[in-house]
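Have a look at the structure below, then the notes.
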Amino acid sequence: MFTEEMIAPCGLDCSLYWKAHDRESPCGGCLGPEENKPDFCRSRCTIILCGRL
């Protein structure tokens, strides 16, 4: 389901990612809580890493 919170700072729609639809621990997107955010997103996003959020 599309929500405004699922639009990443870079413009990607995080709701298209399969992890957003995981029943056990869904990713809330870049602007969501850290606990379910995939390591790939936390370690590769230069916007988050540079503190521009």
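If Lys37 meets every condition in (1) loosely packed, with under 15 Cβ neighbours inside 10 Å; (2) at pLDDT below 85; (3) of a type in the set (D, E, K, R) apart from one, which number is that one?
Of the numbered conditions (1) loosely packed, with under 15 Cβ neighbours inside 10 Å; (2) at pLDDT below 85; (3) of a type in the set (D, E, K, R), the odd one out for Lys37 is (1).
With (1) touching a Ser or Thr at 6+ places or on another chain (Cβ under 7 Å); (2) modelled with pLDDT of 80 or more; (3) of a type in the set (A, V, I, L, M, F, W, C); (4) open to solvent by 100 Å² or more (accessible area, probe 1.4 Å) as the list, and Phe2 as the residue in question, which single condition is left unmet?
Only one criterion in (1) touching a Ser or Thr at 6+ places or on another chain (Cβ under 7 Å); (2) modelled with pLDDT of 80 or more; (3) of a type in the set (A, V, I, L, M, F, W, C); (4) open to solvent by 100 Å² or more (accessible area, probe 1.4 Å) is unmet by Phe2, namely (2).
Can you tell me which residues in the stretch 11-30 are closer than 14 Å to Arg42 by Cβ and either part of a strand (DSSP E or B) or of a type outside the set (Ser, Thr, Tyr) (or both)?
Passing the criteria: Cys14, Lys19, Cys27, Gly28, Gly29, Cys30.
Need pairs with beta-carbon distance below 6 Å; first residue without any contact (Cβ under 8 Å) to a residue 24 or more places away in the chain and farther than 15 Å from Pro33 by Cβ and within the stretch 1-21, second surrounded by 11 or more Cβ atoms within 10 Å (Cβ to Cβ) and of a type in the set (Gly, Ala, Ser); sequence gap 6+ or separate chains.
Phe2/Ser15
The values are calculated or read from the model by the stated rules, or taken from the named source; none is laboratory data. Computed from a predicted model, the values in this text were never measured in an experiment. Neighbour counts are summed over all protein chains in view; Cβ atoms, including those assigned to glycine, are modelled from backbone coordinates with ideal geometry. Just the protein is used for accessible areas: all its heavy atoms, side chains included, with ligands, DNA and RNA removed. Shrake-Rupley method; radii C 1.70, N 1.55, O 1.52, S 1.80 Å.
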